[in-house]
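The values are calculated or read from the model by the stated rules, or taken from the named source; none is laboratory data. Predicted, not measured: the structure shown is a model, and the values here were computed from it. Using ideal geometry, Cβ is built from the backbone for each residue, glycine included, and neighbour counts are taken over all protein chains shown. Accessible surface areas use protein heavy atoms only, side chains included; no ligands, DNA or RNA. Shrake-Rupley method; radii C 1.70, N 1.55, O 1.52, S 1.80 Å.
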Amino acid sequence: MLKIYNSLTNQKETFTPIEANKIRMYVCGMTVYDYCHLGHARVMVAFDVVYRYLQSQGYNVTYIRNITDIDDKIIQRANDNGENFKALTERFIDAMHEDERALGIHPPSLEPKATDNIEEILGMISTLMEKGYAYQGASGDVYYAVAKFEDYGKLSGRNLEDLRAGDRIAVNTDKNDPFDFVLWKMAKQGEPYWDSPWGKGRPGWHIECSAMATKILGNHFDIHGGGHDLQFPHHENEIAQSEACTGEHFANYWMHNGFIRIDEEKMSKSLGNFFTIREVLEKYTAEEIRYFMLTSQYRSPLNYSTDQLDAAGASLDRLYTAMRGLTISTAPQNSSYETHYINAMNDDFNTPEALSALFDLARDINIARDKKENEKASELGALLLTLANGIGLLEGDIEAWFKGDDSKGGMSNDEIDSLVQQRLDAKANKDWSLADKIRDELVEAGVSLEDNGAETIWRRE
RNA sequence: GGCUGAGUAGCAAAGAGGUUAUGCUGCGGUUUGCAAAACCGCCUAGCCCGGUUCGAUUCCGGGCUCAGCCUCCA
């Protein structure tokens, strides 16, 4: 039975979809004015795992991840670059998709853009106006009146009183209440705008998610996710908008992933301490990045370090080694390994625990191979592959994992194969010194050998 | 100040009120022409103080420390 930690109640709850076998999930995506960093990668990986696992359990999942393609930062960046904001966002949407593909993320069912849903946004604001939850300030900006929504704070465990006790409230005399937030923002000279009953302007950040989620998934859906920093105020505001507008409960389960940290501090654009996905992909494979993220439960913070990425590579080596040269047959049903894995994943997507089931399999495959129990090894190999694939691991070509990239200079695969054959000949003649000389030469070139009975396999370090 | 989380061996990271987590690293052994890989074994744990219990790292209370949110943010 699947349990999900629900941020709304701060506890793990048994997951029950609204419609049997069907799950509707919305995850807050990126604001596209720059390249995605590792923090974005974590959201993508975390919910990719959720998406894959729910599908593997037989659910028909509609997974929406939106794109925020209009906001202050986008306008500012476009101005700085002297380009149209559309050109800017299209460039970074393409880049995001490249990164996503590179990381082996399954694309969401739909990626709605804010600018494609202005009609729905305006409709929602109108309804909020009619129902008295919104008002227009002297500046022309339209605000949501937080105090009108009784449940405000239910997601983040705060109430307006707590909030008011804080001393970090920006003074804004245009608003009735400092916690009111913008639904529609008037365009300044030269800024992009859309027409509305309140004047030319653009949507606020919060309303776009409410509008797109309810448009595509309906007023009431199963799962809403995003980074932990979005819990307040973004998700709180989404609830206030959506529930005030529709009169229905918004999302049943709220999932928030933990941050990537640098030196125990949040990685973020505002702190300037971030690594982009493409930057890290220059040094590490996508699978190493994914593995690194899966070693910790999605809600936990995760400290970035090259040591950890190196360790991820070493761990993957072990899994790939178990699979290397193995003939795959049919995975056994209902094995203890699978039970272990399923129980782990059912426990709020506990990937570290699920990984341990993979390593149990790897060890037993190795033992079976040592004992020449080939049938057993083939079956366990099939299972390892299936379970690993379920969380996006071991999807690549096994030989390619070890042999790496032939095109990066150094010795070519053919040259290596030729030297390996020469060494085999030397070994056959018991010319150990020549055999060792050839092996030393290969080690020098970053190639290590493994004698495996009559044959020799090799890998790039 | 308010609200959330977290503190586990050299590093990373889970579960479980008593029985080996797991991976990487280190050490010893088996294997190997020698290696590598593999296998077997070993060394390193549970922030502090109380309480509950026959028994707590695991539950409860109180500290301390760290991180996040309260402003844009994944």
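Quick notes on this one:
- Being assigned to a helix (DSSP H, G or I) and either touching a strand residue (DSSP E or B) at 6+ places or on another chain (Cβ under 7 Å) or open to solvent by 20 Å² or more (accessible area, probe 1.4 Å) (or both) is a description that applies to A:Gly39.
- Filtered by the rule that a residue be within 14 Å of RNA strand B (Cβ to nearest atom), touching a residue at least 24 places away in the same chain (Cβ under 8 Å) and hydroxyl-bearing (Ser, Thr, Tyr), the stretch A:5-55 gives A:Tyr5, A:Ser7, A:Tyr26, A:Thr31, A:Tyr33, A:Tyr35.
- Screening the stretch A:161-271 for strands (runs of 3 or more DSSP E) wholly inside it with 2 or more residues that are more than 9 Å from RNA strand B (Cβ to nearest atom) and buried (at least 22 other Cβ atoms within 10 Å of the Cβ) returns the ranges A:181-186, A:201-203, A:221-227, A:251-257.
- Number of positions in the stretch A:361-374 that are buried (at least 16 other Cβ atoms within 10 Å of the Cβ) and farther than 14 Å from A:Asn452 by Cβ: 5
- When the test is whether a residue is exposed (fewer than 14 other Cβ atoms within 10 Å of the Cβ) and farther than 17 Å from A:Gln333 by Cα, A:Ala426 does not pass it.
- Filter pass, A:Leu380 being in contact with a helix residue (DSSP H, G or I) (Cβ under 7 Å, 6 or more places away or on another chain), more than 17 Å from A:Glu288 (Cα to Cα), assigned by TED's automatic domain parsing to the domain that holds A:Ile438 and without any contact (Cβ under 8 Å) to a residue 60 or more places away in the chain: no
- Residues satisfying the stated conditions in the stretch A:388-410, i.e. assigned to a helix (DSSP H, G or I) and open to solvent by 10 Å² or more (accessible area, probe 1.4 Å): A:Asn389, A:Gly390, A:Ile398, A:Glu399, A:Ala400, A:Trp401, A:Lys403
- The listed residues are A:Thr115, A:Thr16, and the only one of them that is open to solvent by 10 Å² or more (accessible area, probe 1.4 Å) and closer than 19 Å to A:Ile223 by Cβ turns out to be A:Thr16.
- Of all the numbered requirements in (1) more than 19 Å from A:Arg52 (Cα to Cα); (2) in the same structural domain as A:Ala102 (by TED's automatic domain parsing), A:Glu282 misses one, and that requirement is (2).
- Filtered by the rule that a residue be touching a helix residue (DSSP H, G or I) at 6+ places or on another chain (Cβ under 7 Å), under 23 Å from A:Tyr53 (Cα atoms) and open to solvent by less than 30 Å² (accessible area, probe 1.4 Å), the stretch A:19-35 gives A:Ile23, A:Tyr26, A:Val27, A:Cys28, A:Met30.
- When the stretch A:141-159 is filtered for residues that are among the hydrophobic types (A, V, I, L, M, F, W, C) and either away from RNA strand B (no atom under 12 Å from the Cβ) or over 20 Å from A:His228 (Cα atoms) (or both), the ones remaining, listed by number, are A:Val142, A:Ala145, A:Val146, A:Ala147, A:Phe149.
- Qualifying positions in the stretch A:167-182 - modelled with pLDDT of 60 or more and of a type outside the set (A, V, I, L, M): A:Asn172, A:Thr173, A:Asp174, A:Lys175, A:Asn176, A:Asp177, A:Pro178, A:Phe179, A:Asp180, A:Phe181
- Among residues of the stretch A:298-309 that are in contact (Cβ under 8 Å) with a residue 60 or more places away in the chain and of a type in the set (A, V, I, L, M), those with a Cβ under 7 angstrom from a residue that is in a loop (DSSP other than H, G, I, E, B) and open to solvent by less than 30 Å² (accessible area, probe 1.4 Å), sequence gap 6+ or separate chain, pair up as A:Leu302/A:Gly258; A:Leu302/A:Ser296.
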